[in-house]
Amino acid sequence: MEFAKLIKIVGDEPIFEAGLLLAGDVNKNDVHRQLSRWTKAGKLYKLRRGVYTLAPPFQKVKPHPFLVANCMVRASYVSCQSAMAYYGIIPEHVEVTISVTTMRPARWKTPLGTYEYHHVQTDFLHGYKLTELGMGQSAFVATPEKALLDFIYLQPGSDSLDYLKELRLQNLDRLSLSKLNRWAQITNRQKLLRATTLILQLAETEAKDYTKL
């Protein structure tokens with residue numbers, strides 16, 4: 001296969017899988033060897049086994065980090081600090097794109113950034129939605145409430161008031177506090193129940209401070 005043919009097939013896709021090129025009467029070994037050559041030549045970025053994206057200047061659409069995260073591990077959604085920063089609940093930009101999954105924990109460094117995956121139990125895999133990211137891209141991202149609960153669930157000591165204050169939580173009016181409280185009740189995990197009570201207190205304080213402005 002010539003590189004021009006590859007661009008014709010995947011040029012409009014931010015990310016593609018090697019399996020897309022293996023349909024029909026093709027030699028699978030030849031395809032994989034060619035992908036390896038193009039990667040070494042800097043024409044492709046290999047994100048993980050079987051997952052690629054065109055490298056500049058051949059890349060028409062820059063993949064959004066959240067889309068990359070979903071494609072790297074299919075049974076996952078973006079959450080925790082990455083989703084919290086996306087919604088403006090914490091002020092800091094997060095360099096690593098963080099997701100949760102029922103699969104094994106993993107961390108990959110790629111030419112497009114670092115991607116981290118945290119394991120949760122199956123009953124905790126909810127509270128996410130398909131989110132439009134612009135440029136025709138979309139990805140599964142936790143809701144603001146679930147992103148915060150996922151973070152608390154995964155981080156040791158995150159159910160203390162001092163810890164939550166260090167996060168510098170903001171824009172808590174963007175949360176559905178009733179949904180946050182309901183989900184914490186459903187999980188019946190004492191850590192989440194304690195943290196939710198404290199978050200409700202912080203939200204009340206933030207609302208009072210806003211009215212004073």
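The values are calculated or read from the model by the stated rules, or taken from the named source; none is laboratory data. As the structure is a prediction and not an experimental result, all values here were calculated from the model. Every residue, glycine as well, gets a Cβ built from its backbone with ideal geometry; the counts of neighbours run over all protein chains shown.
Residue check: is A69 outside any loop (DSSP other than H, G, I, E, B), farther than 15 Å from L149 by Cβ and not β-branched (V, I, T)? Before the answer, list the steps.
Numbers: outside any loop (DSSP other than H, G, I, E, B): yes; farther than 15 Å from L149 by Cβ: yes; not β-branched (V, I, T): yes.
Yes; evaluated as a whole, the condition is true for this residue.
Exactly one of (1) among the β-branched types (V, I, T); (2) part of a helix (DSSP H, G or I); (3) surrounded by fewer than 16 Cβ atoms within 10 Å (Cβ to Cβ) is unmet by V31. Its number?
Every condition holds for V31 apart from (3).
Within region 1-49, track down each residue that is under 28 Å from S138 (Cα atoms) and among the acidic types (D, E).
D12, E13, E17
Of the conditions (1) at pLDDT 95 or above; (2) charged (D, E, K, R); (3) closer than 23 Å to T131 by Cβ, K40 clears all except one; give me its number.
Only one criterion is unmet by K40, namely (3).
Of T114, T102, T122, which residue is touching a Leu at 6+ places or on another chain (Cβ under 7 Å) and surrounded by fewer than 16 Cβ atoms within 10 Å (Cβ to Cβ)? Can you show your working first?
Values: T114 fails: touching a Leu at 6+ places or on another chain (Cβ under 7 Å); T122 fails: touching a Leu at 6+ places or on another chain (Cβ under 7 Å).
Within the list T114, T102, T122, the selection yields T102.
I need every pair where a residue in region 93-110 that is assigned to a loop (DSSP other than H, G, I, E, B) has its Cβ under 8 Å from the Cβ of a residue that is surrounded by fewer than 16 Cβ atoms within 10 Å (Cβ to Cβ) and among the hydroxyl-bearing types (S, T, Y), sequence separation at least 6 or different chains.
Listed by first residue and then by second, the contacts come to E95/T114; V96/T114; T102/T122.
Report yes if some residue within region 121-137 is out of contact with any strand residue (DSSP E or B) (no Cβ under 9 Å at 6 or more places or on another chain) and either in the same structural domain as L21 (by TED's automatic domain parsing) or at pLDDT 95 or above (or both); otherwise report no. Can you show your working first?
The initial filter retains those residues of region 121-137 that are out of contact with any strand residue (DSSP E or B) (no Cβ under 9 Å at 6 or more places or on another chain), namely 121-123, 126, 134-137.
From what is left, the residues that are either in the same structural domain as L21 (by TED's automatic domain parsing) or at pLDDT 95 or above (or both) are 137.
Within region 121-137, one or more residues are out of contact with any strand residue (DSSP E or B) (no Cβ under 9 Å at 6 or more places or on another chain) and either in the same structural domain as L21 (by TED's automatic domain parsing) or at pLDDT 95 or above (or both).
Do you know which residues across region 160-180 are within 23 Å of the chain's Cα centre (by Cα) and among the polar types (S, T, N, Q)?
Q170, N171, S176
For region 142-158, give me each residue that is touching a Leu at 6+ places or on another chain (Cβ under 8 Å) and surrounded by 21 or more Cβ atoms within 10 Å (Cβ to Cβ).
Taking region 142-158 first, the residues touching a Leu at 6+ places or on another chain (Cβ under 8 Å) are 144-145, 148-149, 152-153, 158.
Within region 142-158, P144, E145, L148, L149, I152, Y153 meet the criteria.
Can you tell me how many residues in region 190-213 are over 16 Å from K165 (Cα atoms) and at pLDDT below 90?
Matching residues across region 190-213 total 5.
Have a look at K62, K8, K46 and point out the one that is over 30 Å from T102 (Cβ atoms) and either surrounded by fewer than 20 Cβ atoms within 10 Å (Cβ to Cβ) or of a type in the set (V, I, T) (or both).
Numbers: K62 fails: over 30 Å from T102 (Cβ atoms); K46 fails: over 30 Å from T102 (Cβ atoms).
Within the list K62, K8, K46, the selection yields K8.
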